[in-house]
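Heads up: the structure comes next, in structure tokens.
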Amino acid sequence: MLLALLDLAKSGGLINNRIEFGPALLERYKNFFYSVQGPTDRLNPYYPFFHLSGNLKDGSDSFWHLIARSGRENILSALK
């Protein structure tokens, strides 16, 4: 996911301090994932966002913060 984000930024797709979970990012993620996928790995772009948010085990701040779109708060809460 980080490679996909860097690629999106390099292409000019990140203009604010906000990352949209949309087609531009997901297509890049899919391409990077398939290039390193192991035999038991499954494509699921939610895992990187979920696991890099919240307090880290060492007590440091989050890498990023998830904010649900209006009306989808329950979906994000269910992932926790």
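The values are calculated or read from the model by the stated rules, or taken from the named source; none is laboratory data. These numbers come from a predicted model, not from an experiment. Backbone-built Cβ (ideal geometry, glycine too); neighbour counts: all protein chains shown. Areas reflect the complete protein model, heavy atoms only, side chains present, ligands, DNA and RNA absent. Shrake-Rupley method; radii C 1.70, N 1.55, O 1.52, S 1.80 Å.
Worth a mention:
- Within the range 1-30, trypsin sites (Lys or Arg not before Pro) in DSSP loop having at most 13 other beta-carbon neighbours inside 10 Å: R18
- Projecting label points 7 angstrom from Cα along Cα→Cβ for A24 and A68 puts them 2.6 nm apart.
- Accessible-area value, L66, 1.4 Å probe, nucleic acids and ligands omitted, Å²: 60 Å²
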